[in-house]
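Nothing in this text is a laboratory measurement; each read-out follows from the coordinates by a stated rule. Keep in mind it's a predicted model, so treat the numbers as computed, not measured. Here the Cβ is made from the backbone with ideal geometry for all residues, glycine too, and neighbour counts use every protein chain on show.
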Amino acid sequence: MTFTSSRAVRIDQHGGPEELKLVEVQVGEPGLGEIRIRHKAIGLNFIDIYQRSGLYQLPMPLQLGMEASGVVEAVGEGVTHLKAGDRAAYASQPPGSYCDARVMPARSVCKLPDAISFETGAAMMLKGLTAQYLLRRTQPQGGLQAGDFVLFHAAAGGVGLIACQWARALDLQLIGTAGSDEKCALAKAHGAAFVINYNTADFVARVKEITGGAGVKVVYDSVGKDTFERSLDCLRPFGLMASFGNASGPVAPFSPGILGTKGSLYVTRQTLFTHIATREGTQAMADELFAMVTSGKVSIRIDQRFALTDVAQAHRALEARKTTGCTILTL
């Protein structure tokens, strides 16, 4: 077997950004169901923070990163949807995208359309597929129809700005929250029907005002601890609380009884990796995402670029909520 060297970002123990180390690793040949890909750009996501900090416990040492784009260098036995030389992008388990090149499962790697740049591909896969499964697959009782109200927290983030545009394309009335007037304006410009600065306004009261007291059909919440309980108060009877992240920390345990008293509500905790567990499912979701981007209905906004060597700085900015849109690491 031949090996090639690659830079990679690794942690040896959970902790702060100071634990991120740039090391040299050896990359071999792909095995059954695997590919070797050489990256052109790498996506940065909040799940990377969770894995680094220990909120999500993983074996050490750990090479971080869930998303990237690049060129396929080699394919292993059984891989038929990709070949050497293909442009490709992915959001995938296991972690390991913070590197120049890697061998990885081919199942969640998709051919990247020529109309989509490598930087856009790296920025859009995890966040865009997340917006897809939320708006298209994680729906309240009776589904979502044109004109329905939905509440989306962190609407100026990477997932949020994609969701704002996708919701507008579906004729949904998306109410977006963000932590500053500037972020609210950004969400509004990307298709949010209404915006709420949760640092200066009571978002529950505003949601009730916007919806004429009825509440929303569904809340999409990646913030977690700080917003979860009050988000339940934004729902109409039989509404759905869709939790998909923990930016402010994990949601505290709660009694299911409160769901009855607040209107026979539904609660779900979603994760992308359940949705992309099969090759067919991943491709179907990616095809819809690619169509939204190439049609111009969804644009991928990259507001921050950091060199791979500056990954600790990138983590600090993301963790401090100083970023908007998508953030990528460049090689």
Practice task
Evaluate the relative contact order of the range 138-242 (contact order divided by residue number), counting alpha-carbon pairs under 8 angstrom at least 6 apart; express in whole percent.
Solution key: 29
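Sequence gap at least 6, Cα distance under 8 Å: using those rules, report the relative contact order of the chain to the nearest whole percent. Intermediate values should be presented prior to the final figure.
Numbers: 749 pairs, mean separation 56.0, N = 331.
For the chain, the relative contact order is 17 percent.
Restricting to the chain, what percent of DSSP beta bridges are antiparallel, rounded to 5?
55
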Exercise for the section: Per residue of the range 44-53, in order, report the coupling 6.51 cos²θ - 1.76 cosθ + 1.60 (Karplus, θ = phi - 60°) as ³J(HN,Hα) in whole Hz, putting x for Gly and Pro. Expected result: 10, 9, 5, 4, 5, 5, 4, 6, 5, 6
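Can you sort 315, 14 so the residue with the fewest Cβ neighbours within 10 Å comes first?
Working: 315 24, 14 16.
Least to most surrounded, the residues fall as 14, 315.
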Completion exercise
In whole percent, the Cα-Cα distances of the range 175-243 spread across 10 Å bins from 0 upward as 22, 55, 22, 1
Handout entry: Structure-based [θ]222 nm, the chain - -39500 (n - 2.57) summed over DSSP H runs of at least 4, per residue, nearest 500
Key = -8000 deg cm²/dmol
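When ranked by the protection proxy of mean other Cβ atoms within 10 Å per residue, highest first, what sequence do the peptides 183-194, 125-136 form? Please list the in-between numbers first.
On the way: 183-194: 21.3, 125-136: 25.2.
Output ranking for 183-194, 125-136: 125-136, 183-194.
In the range 252-331, how does Rg compare with the Kirkwood Rh, expressed as the Rg/Rh ratio over alpha carbon atoms? Before the final figure, lay out the partial values.
Values: Rg = 18.8 Å, Rh = 16.7 Å.
Radius of gyration relative to Kirkwood radius: 1.12.
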Fill in the blank from the handout: Computed on Cα atoms only, the convex hull of the range 112-159 has an orientation-averaged projected area in nm² of 4.6
Problem - Area projected by the alpha carbon convex hull of the range 139-269, averaged over all directions, nm² - result: 7.0
Practice task
Using only Cα atoms, find the angle between the long axis of helix 158-169 and the longest principal axis of the chain, and express it within 0 to 90 degrees, rounded to the nearest 10.
Solution key: 60
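Rounded to two decimals, what is the ratio between the C-alpha radius of gyration of the range 183-331 and 2.2 N^0.38 Å? List each step's numbers first, then the result.
On the way: Rg = 17.9 Å, N = 149, 2.2 N^0.38 = 14.7 Å.
Relative to the 2.2 N^0.38 Å estimate, the range 183-331 comes out at 1.22.
Once the mean 1/r over all distinct Cα pairs of the range 1-74 is inverted, what Kirkwood radius in angstroms do you read off?
Numbers: mean 1/r = 0.0735 Å⁻¹.
Here the Kirkwood hydrodynamic radius works out to 13.6 Å.
Quick one: plug the Kirkwood hydrodynamic radius of the chain (C-alpha pairs) into Stokes-Einstein at 4 °C, 1.567 mPa s, and report D in µm²/s.
Working: Rh = 20.3 Å.
Using the Kirkwood radius from Cα pairs, D works out to 64 µm²/s.
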